[in-house]
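First the structure, in the form of structure tokens, and then the observations on it.
The values are calculated or read from the model by the stated rules, or taken from the named source; none is laboratory data. Keep in mind that what you see is a predicted model, and the values were worked out from it rather than measured. Cβ atoms come from the backbone with ideal geometry, glycine included; neighbour counts cover every protein chain shown. Each accessible area value is taken on the protein alone, full model and side chains, heavy atoms only, with ligands, DNA and RNA left out. Shrake-Rupley method; radii C 1.70, N 1.55, O 1.52, S 1.80 Å.
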Amino acid sequence: MEIYLDANATTPVLEEARLAALSVMAQAFGNPSSIHGAGLRARALLDEVRATARRVLQAPTGRLLFTSGATEGIQTAVLSAMVHLREQRRAGRQVPGCVLYGATEHKAVPEALAHWNALLGLELRLLPIPVGTHGRHDLAWLRAHAAQAALVCTMAANNETGVISDLDGIAAVLKGRDALWLVDGVQALGKLPLHLIERRIDYAPFSGHKLYAPKGVGLLYVREGAPFTPLLAGGGQEGAQRSGTENMAGIAALGAVLKALEGGQTFAPPQVLARWRELLAQALREAFPGVVFNAPFEVSLPTTLNLSVPGLAARTLLDLFDAAGLRASGGSACGSAKARPSDVLLAMGLPAWQTASAVRLSFGAADSPEVMAEACRRLKACGDALREACQTPEPAAAPLPAEGITRFVVDAACCYILADRAFRECVVVDPLPELTQQIAQWLRCRGCTVAAVLDTHGHGDHASSAEALRAAIADLLPPPEPLDALGWPLGAAELRFGAQRLTRLAVPGHTQDSTVYLLADAGGLRAALVGDTVMPGALGRSDFPVSAPLSYVASLQALEGAVGRHTLLLPGHDYDNRLATTLAIECAAQPLLEGALSGRLGAEAFAQAKAALERELAPTEFDTMACGARVGDCGMAERVEVRSADLHDWFQGAERLVLVDVREAYEQRLSPLARNWPGAAGAEVEAVPLSVLLSRLPDWQRLPADVRLVFCCRSGNRSAQAARALRRLGHRQAYSLAGGFALLPQADARVHPLKQPPPPAAGF
Ligand code: PLP
């Protein structure tokens, strides 16, 4: 059973609401504009729901329109206010030139403001109202700017943090002024009284799907006397205020929810919700010592917890929660490449780590104590799984073995731990500042010692944290000895750790000090850590003052001489999650590299062509400096997905098929593959988390051509990376389970039931 803790994004549909919608679709399907019996019954239903909404919202006067949701309500309100301003201006009246909106508003508000401001050619200044670290509007700022405001937009409660705005304070500032006032009531509906009339709020949009009604239905309240312009013109429905045949199923469902609110039986009262929040908070504190809550509970909706855990990225926490069957969301907009820090938390001025690792849990007032108790139990299980996988500061009871090569990535910069499993000896290459604690923990938890902490070059886009890491793991390092600037023991020809060996090769180009580390064991050369000298799809830029562009060709030729064309190259940056590459692959993709290695381009011509490529190199999507100009997509667009239904024949077939679960160890522990994919019972399975995939790539490259590897993970994202990497490296029978486990028919995919058992019949 999955536990849904993402109610601020949307809620399940209340049983009463579902039945009400079904009954409209089955029987009462009339058009409320028709004058026959079916139409009249629909009209009666429409009127009844509106009357209920007026009671629930305490809005006996003013307009109350059914809309498709809050985004439409916001557009209508903004359009109404701005058309009014335009009319005022045309009539020669002086109107203030600014619109003020809360810095933490839902995107729908600032985007609507910018859109209509541009379309109507008003050229109003749109100014965000700053918020404090508590997330509430800066009323002093508002007071100072209110005289210039034609329109003020302030949400009632924030969707990411749950912070409740001080609407009385804002009302007091706006009292006696002409500014129109829009209050986005989406997250407040059913949770907070808005006192629309008393506070003289002009516009308040609401959304059904945030309160147990289906998507596609909402409400817009407009104060009596406030300017109004319809957004939709047409058949004249809703008294010509919002044309378009009404969404009767949605309206009936919303009516059922509003009735349930009025009835007072279905939804838990605020004090109970606050108790549930405390239980969840306590479970989080136990599971993740050091957790911080990003908004003060005293001024937040009791149903929202926005939290960050030091040392854990939002992505890691979300994967972990998901594996435990807890559906939560990032406190930030998670793009495919990078979880962008939340604009809301940034506006609150929270430290970068907090904004980057924020996760939101939000439940609903129709949840039950049993579900909350189960959620707490699962949160604690998440903490246990992390501890067992060495992801928390406490050491493990039984140290885990270290994989040969473990990769860590921060904003596309890569750090590697090379380990000798038998001797528990490691080398860290290119440590990153964000990872110091995590790596120290990783090493201690596994009982490893560290032969060296190395950099491949002096980095341009981030400081080396080698010194900080050495300080954090001083007890795991060999006795102090003189090191060069990159951490290599002075005068040493090679560096041994266990049965592994590192040698180095100077490759000036990207920087004067660029160095490649060659990793070998008894079986010979295994991989080369090449820093930014050769990256997947790019060569390191050589336009820094510390670069040596004229040495680049000789360095690349020396690299080829040392490793050949087919050794695995582990780069310092991996902008497209390609994992690893070889000179053969890069030669085919990068004409410059091919030119250098074939001798077609001399040092001078190469440097010139490269400089042309690097001129005005834009920053990366991570807002970091690009360490090389990327060329070609290197097969990134190749489809590697296979649907589970199509795998049936493969399971039965004669060819060998291996399923590889690339989720991290803590996810696998919480949610074993067999539970996610009962249909795969009996298949040959390997557990190889993406972070250690590099250790296995060479073995898979050597597999007979007809062996199929199907990578799988939660959503199909990581598995596609693995499959693409292996295909590029030569094994073509590499696939990714399309959509991941999330799209498999599952025994436990049912969402937890809401508190109320199904009622006998809908009220409408
Ligand atoms: N305003 C807030 C505060 C919200 O949370 C949302 C939805 O996330 C919206 C507006 C947009 O609502 P809808 O999805 O109904 O258009």
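Assorted remarks:
- Among (1) surrounded by 24 or more Cβ atoms within 10 Å (Cβ to Cβ); (2) over 24 Å from Arg727 (Cβ atoms) - the single one Arg600 does not satisfy: (1)
- Within the stretch 279-306, being more than 19 Å from Arg327 (Cβ to Cβ) and assigned to a strand (DSSP E or B) holds for Val292, Phe293, Ser300.
- Failed item, numbered, when Gln271 is tested on (1) within 30 Å of the chain's Cα centre (by Cα); (2) surrounded by fewer than 21 Cβ atoms within 10 Å (Cβ to Cβ): (1)
- Residues being within 16 Å of the ligand (Cβ to nearest atom) and either touching a Lys or Arg at 6+ places or on another chain (Cβ under 6 Å) or in a helix (DSSP H, G or I) (or both) - total across the stretch 89-115: 8
- Residue match in the stretch 48-68 (condition: more than 15 Å from the ligand (Cβ to nearest atom), touching a residue at least 12 places away in the same chain (Cβ under 8 Å), part of a strand (DSSP E or B) and open to solvent by less than 30 Å² (accessible area, probe 1.4 Å)): yes
- Residue pairs whose Cβ atoms lie under 9 Å apart, separated by 6 or more positions or on different chains, with the first residue in the stretch 142-157 and under 20 Å from Leu189 (Cα atoms) and in contact (Cβ under 8 Å) with a residue 60 or more places away in the chain and the second of a type in the set (S, T, N, Q) and crowded, with 21+ Cβ neighbours inside 10 Å, are Ala157/Ser165; Ala157/Gln187; Ala157/Ser300; Ala157/Thr304.
- Considering only residues in the stretch 484-495 that are in contact with a strand residue (DSSP E or B) (Cβ under 7 Å, 6 or more places away or on another chain) and touching a residue at least 24 places away in the same chain (Cβ under 8 Å), the one that is surrounded by the fewest Cβ atoms within 10 Å (Cβ to Cβ) turns out to be Pro489.
- When residues of the stretch 424-468 are limited to those that are acidic (Asp, Glu) and in a loop (DSSP other than H, G, I, E, B), the one surrounded by the most Cβ atoms within 10 Å (Cβ to Cβ): Asp430
- Out of Ala240, Ala252, Ala233, sole residue that is modelled with pLDDT of 95 or more, closer than 30 Å to Tyr4 by Cα and away from the ligand (no atom under 16 Å from the Cβ): Ala252
- The set of residues in the stretch 5-43 that are among the hydroxyl-bearing types (Ser, Thr, Tyr), within 14 Å of Leu211 (Cβ to Cβ) and touching a Phe, Trp or Tyr at 6+ places or on another chain (Cβ under 9 Å) contains only Thr11.
- Filtered by the rule that a residue be buried (at least 21 other Cβ atoms within 10 Å of the Cβ) and more than 16 Å from the ligand (Cβ to nearest atom), the stretch 69-88 gives Ser80, Ala81, Met82, Leu85.
- Here Thr10 clears all of (1) surrounded by 19 or more Cβ atoms within 10 Å (Cβ to Cβ); (2) within 16 Å of the ligand (Cβ to nearest atom); (3) not basic (Lys, Arg) except the condition numbered (1).
- Which numbered condition Leu79 misses (of (1) touching a helix residue (DSSP H, G or I) at 6+ places or on another chain (Cβ under 6 Å); (2) more than 19 Å from Ser243 (Cβ to Cβ)): (2)
- Of all residues making up the stretch 90-106, the number that are touching a residue at least 24 places away in the same chain (Cβ under 8 Å) and over 15 Å from Gln148 (Cα atoms): 5
- Residue check for Gly102: in contact with a strand residue (DSSP E or B) (Cβ under 8 Å, 6 or more places away or on another chain), under 30 Å from Thr303 (Cβ atoms), modelled with pLDDT of 95 or more and open to solvent by less than 10 Å² (accessible area, probe 1.4 Å): yes
- Of the residues making up the stretch 696-739, those that are surrounded by fewer than 23 Cβ atoms within 10 Å (Cβ to Cβ) and of a type in the set (Gly, Ala, Ser) are Ala705, Ser715, Gly716, Gly730, Ala738, Gly739.
- Filtering the stretch 694-713 to residues that are in contact with a Phe, Trp or Tyr (Cβ under 9 Å, 6 or more places away or on another chain) and hydrophobic (A, V, I, L, M, F, W, C) leaves Leu694, Val707, Leu709, Val710, Phe711, Cys712, Cys713.
- Some residue of the stretch 752-763 being modelled with pLDDT of 85 or more, under 27 Å from the mean Cα position of the chain (by Cα) and within 30 Å of Ala7 (Cβ to Cβ): no
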